[in-house]
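Readers should treat all values here as calculations from the given coordinates under stated rules, not as data from a laboratory. In this text the structure is predicted, and so the values were computed from the model without any measurement. Heads up, the Cβs are rebuilt from the backbone with ideal geometry, glycines too, and the neighbour counts pull from every protein chain shown.
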Amino acid sequence: QVQLVESGGGLVQAGGSLKLSCVASGLTWNNGAMSWFRQAPGKEREFVAAMDSVGRITYYSEAVKGRFIISRDNARNTLYLRMNSLKPEDTAVYYCAARRGQVAFTSHMNSNYWGQGTQVTVSS
């Protein structure tokens, strides 16, 4: 059974930074790809960042490219999302997602497991 627990969300002023964490259990880290998604009220869940199982290949949405950094520490079973230069339009619930396999995924339809979500609010 795979469980994902997220933390690090909060309220921040525009231009500030936050670092989100996702601790996973029950997942084999040498064949588990992980991603970050976000969803604002009234909007569909959208892709943010993705990484393959060994952290060699990463993908970012155009909206966050150059501002966010995805990383993972397999020894600690933890996925991170460093968010810099935050904008009000980044306000959303951020979700950690995972699937068994080595290849990174960028669609929520391809996720097998989800965290509970953590709220990020950016004030102008």
- line: One finds, for residue 2 and residue 108 with R0 = 22 angstrom and r their Cβ-Cβ distance, a FRET efficiency to the nearest 0.05 of 0.85
Listed residues 75, 49, 92, most fluctuating in the chain (Gaussian network, C-alpha, under 10 Å): 75
- prompt: Which order do peptides 34-40, 103-109 fall in by mean Cβ count within 10 Å, highest first?
  reply: 34-40, 103-109
query: If you keep only loop residues by DSSP, which trypsin sites (Lys or Arg not before Pro) in region 45-124 have at most 11 other Cβ atoms within 10 Å of their Cβ?
result: 56, 65
message: What distance in nm separates the two pseudo spin-label positions at residue 63 and residue 19, each 7 Å out from Cα along the beta-carbon direction?
response: 2.5 nm
At most 11 other Cβ within 10 Å, DSSP loop - GluC sites (Glu not before Pro), region 11-77: 44, 62
- request: Quick one: compute the contact order of the chain, relative version, from alpha carbon pairs under 8 angstrom and 6+ residues apart, as a percent.
  value: 36 percent
field: region 1-52, relative contact order in percent, only Cα pairs under 8 angstrom and at least six apart counted
entry: 29 percent
query: Hey, if you drop one equal point scatterer on each alpha-carbon of region 5-88 and run the Debye formula without solvent, what base-10 log of I(q)/I(0) do you get at q = 0.11, 0.22 Å⁻¹?
result: -0.30, -1.14
